[in-house]
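**Q** Structure provided below as structure tokens; questions to follow.
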Amino acid sequence: MLRTWQLKSIKQALKKYFSGKSHFLCQATPGAGKTIMAAQLTKELFNNGKIDFVLCFSPSLSVAEGIKSTFSRTLECTFNGEIGSIGASSTYQSLKYIDKSFWVTMQKYRVFVVFDEIHHCSGDNFENANVWGEQILAIQNLAKYTLALSGTPWRSDLVPIAMSEYTDPEGQLICDYQYGLKQAIDDGVCRRPRIVLVDNEHLSISSGFETQSFSSILELLEESDTSYVNVIQNREAMTYLLSLACRQLDELRMQDPFAGGLVVASSVNHAKIIQGILTNEFNQTSVLVTHYQESALADIDEFRNSAIRWIISVGMISEGTDIPRLQVCCHLSAIKTELHFRQVLGRILRVTPANNQKAWLFTFAERNLIGFAERVEQNIPDACVFAKMGAIPQLSDRFGNHSKILQDLANLKEENEAVRSLEWFKSEKAEFHESVTGNIISPQEIRLGRFKERILAAFG
């Protein structure tokens with residue numbers, strides 16, 4: 001049975017298509033069920049005799065497999081692109097390997113193209129488009145209809161999203177249909193998130209005979225040369241944050257023994273240390289998935305259907321991966337962009353039939369992460385508009401020194417620009433380092449004092 005928002009979105013899309021327009025953009029909060037909506041919309045187009053074939057593109061193999069399964073079930077047909085199939089699901093990365101003759105053939109048929117997580121594709125022309133944006137611009141006019149989906153429709157580099165329209169001069173994205181987190185919570189579609197910002201009082205670092213003291217993590221990071229990576233790699237800090245998360249997961253599993261937790265780590269070795277802490281300090285079962293493992297997708301699927309407590313991820317579970325039993329998350333990634341933060345948060349928002357539907361995210365009280373947590377209640381944050389040349393200074397009113405923002409943006413490529421063999425996404429801004437042997441370079445020693453937590457309950 002479709003949800004109310006899905007029915008409304010489908011009705012609105014069909015109305016637009018049948019009026020002569022070819023493109024529809026739907027923004028729905030992570031966990032709301034965008035793939036099911038897209039599959040049902042496709043079915044309606046087939047039933048109305050409007051299309052002959054459907055192509056779906058998404059940013060990763062795991063998401064593409066999920067789309068394939070949902071569309072096959074909804075359309076009651078194979079969905080592998082082979083003879084007898086009415087559609088196929090592929091990754092954006094595969095676009096450049098499709099033979100040109102295919103696109104020539106495509107012009108002879110009425111093809112519906114679905115672009116999932118469209119924010120990975122940037123550019124409104126060939127001059128400012130990224131690789132995936134260029135491919136989309138090339139095929140846009142070949143499709144009969146197109147559907148763009150996103151839970152977080154903005155980019156950290158402030159470049160316009162492909163196939164999207166913006167208000168002028170504000171630069172706000174124009175959505176054909178929008179379904180925010182508050183609506184999803186009110187409808188019982190998504191869980192209400194609680195974000196725990198872990199801080200510490202009386203920190204200190206020593207250099208020679210000199211010792212510097214700080215009253216918070218924020219003060220430490222802003223008044224010393226210590227990086228955030230030194231915080232997330234500090235064993236005492238990690239152990240404390242993980243203890244809070246384990247305690248919360250234990251409580252949830254008293255009502256639902258299948259409730260699970262996700263830890264997003266900054267590197268493979270960081271993930272191994274975290275797994276060791278979970279095993280040795282808290283007697284927790286866990287599985288580790290990284291971009292180096294050929295079995296990563298199979299391991300994720302095994303965790304999805306098991307009672308293992310934790311899955312520790314490096315670049316594998318940030319968006320689109322559907323594991324409804326996840327209810328607790330530890331954000332220990334070195335990536336500090338709002339898009340990544342919200343996508344990670346979205347992994348624990350999907351509702352299940354269990355009695356206890358709480359969702360908890362634990363992270364440290366770093367300036368960016370504090371701001372992201374405080375803005376969770378905004379569908380599209382004011383800070384995430386498409387910025388035209390000369391428009392950046394307006395951000396300084398909200399965030400202080402805009403030159404630092406510009407520097408951060410200059411050092412940061414959108415995660416989808418660095419695609420590994422298993423198509424994981426990673427920030428090019430290297431805030432952590434590994435040697436040739438893979439060992440983490442010893443971070444600056446931080447002495448910690450008393451911990452404290454601030455809890456933000458969205459819409460609470």
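The values are calculated or read from the model by the stated rules, or taken from the named source; none is laboratory data. Source: prediction; values computed, not measured. In this analysis, Cβ positions are derived from the backbone assuming ideal geometry, glycine residues included, and neighbour counts consider all displayed protein chains.
**Q** Pick from segment 245-265 the residues that are buried (at least 23 other Cβ atoms within 10 Å of the Cβ) and either of a type in the set (F, W, Y) or part of a loop (DSSP other than H, G, I, E, B) (or both): which of them is farthest from the chain's Cα centre (by Cα)?
**A** A259
**Q** A follow-up question, please. Which numbered condition trips up F209, out of (1) exposed (fewer than 13 other Cβ atoms within 10 Å of the Cβ); (2) hydrophobic (A, V, I, L, M, F, W, C); (3) modelled with pLDDT of 95 or more?
**A** (3)
Okay, residues lined up against (1) modelled with pLDDT of 90 or more; (2) in a loop (DSSP other than H, G, I, E, B); (3) surrounded by fewer than 20 Cβ atoms within 10 Å (Cβ to Cβ); (4) not assigned by TED's automatic domain parsing to the domain that holds A265:
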{"residue": "I335", "(1), (2), (3), (4)": "yes, yes, no, no"}
{"residue": "R342", "(1), (2), (3), (4)": "yes, no, no, no"}
{"residue": "L345", "(1), (2), (3), (4)": "yes, no, no, no"}
{"residue": "W360", "(1), (2), (3), (4)": "yes, no, no, no"}
{"residue": "A373", "(1), (2), (3), (4)": "yes, no, no, no"}
{"residue": "M389", "(1), (2), (3), (4)": "no, yes, yes, yes"}
{"residue": "Q394", "(1), (2), (3), (4)": "no, no, yes, yes"}
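**Q** From Q293, Q284, Q275, Q327, grab the single residue that is in a helix (DSSP H, G or I) and either of a type in the set (D, E) or not assigned by TED's automatic domain parsing to the domain that holds S69 (or both). Quick ask: steps written out before the conclusion?
**A** Numbers: Q293 fails: in a helix (DSSP H, G or I); Q284 fails: in a helix (DSSP H, G or I); Q327 fails: in a helix (DSSP H, G or I).
Sole residue among the options that is in a helix (DSSP H, G or I) and either of a type in the set (D, E) or not assigned by TED's automatic domain parsing to the domain that holds S69 (or both): Q275.
**Q** I'd like to know if segment 88-96 contains one or more residues that are without any contact (Cβ under 8 Å) to a residue 60 or more places away in the chain, part of a strand (DSSP E or B) and touching an Asp or Glu at 6+ places or on another chain (Cβ under 9 Å). It would help to see each step written out before you state the result.
**A** Taking segment 88-96 as the starting set, the residues that turn out to be without any contact (Cβ under 8 Å) to a residue 60 or more places away in the chain are 88-90, 94-96.
Remaining after also requiring part of a strand (DSSP E or B): 88-90.
This time we only want the ones that are touching an Asp or Glu at 6+ places or on another chain (Cβ under 9 Å), so: 88-89.
For segment 88-96, residues without any contact (Cβ under 8 Å) to a residue 60 or more places away in the chain, part of a strand (DSSP E or B) and touching an Asp or Glu at 6+ places or on another chain (Cβ under 9 Å): present.
**Q** Also, I was wondering about something else. Of everything in segment 107-142 that's surrounded by fewer than 22 Cβ atoms within 10 Å (Cβ to Cβ), at pLDDT 85 or above and not basic (K, R), which residue is farthest from G49 (Cα to Cα)?
**A** Going through segment 107-142, the residues surrounded by fewer than 22 Cβ atoms within 10 Å (Cβ to Cβ) turn out to be 107-111, 123-131, 134-135, 137-142.
This time we only want the ones that are at pLDDT 85 or above, so: 108-111, 142.
Subsequent filtering for residues that are not basic (K, R) retains 109, 111, 142.
Working: Y109: 12, V111: 12, L142: 18 Å.
In this case the residue turns out to be L142.
**Q** Among the residues of segment 108-139, which ones are within 24 Å of Q178 (Cβ to Cβ), outside any loop (DSSP other than H, G, I, E, B), in contact (Cβ under 8 Å) with a residue 40 or more places away in the chain and not hydrophobic (A, V, I, L, M, F, W, C)?
**A** H119, H120, S122
**Q** For residues that are modelled with pLDDT of 90 or more, crowded, with 20+ Cβ neighbours inside 10 Å and in contact with a helix residue (DSSP H, G or I) (Cβ under 7 Å, 6 or more places away or on another chain), tally how many sit in segment 60-90.
**A** Residues that pass the stated criteria total 6.
**Q** Now for a separate question. From Y109, Y145, grab the single residue that is under 26 Å from A32 (Cα atoms) and out of contact with any Gly (no Cβ under 9 Å at 6 or more places or on another chain). It would help to see each step written out before you state the result.
**A** On the way: Y109 fails: under 26 Å from A32 (Cα atoms).
Criteria check complete, one pass: Y145.
**Q** Just the residues that are under 22 Å from L456 (Cβ atoms) and among the β-branched types (V, I, T), please, taken from segment 186-222.
**A** The answer is V189, I195, V196, V198, I217.
**Q** Kindly indicate whether D157 is at pLDDT below 90 and out of contact with any helix residue (DSSP H, G or I) (no Cβ under 8 Å at 6 or more places or on another chain).
**A** Values: at pLDDT below 90: yes; out of contact with any helix residue (DSSP H, G or I) (no Cβ under 8 Å at 6 or more places or on another chain): no.
Here the answer is no, as D157 does not meet what is asked.
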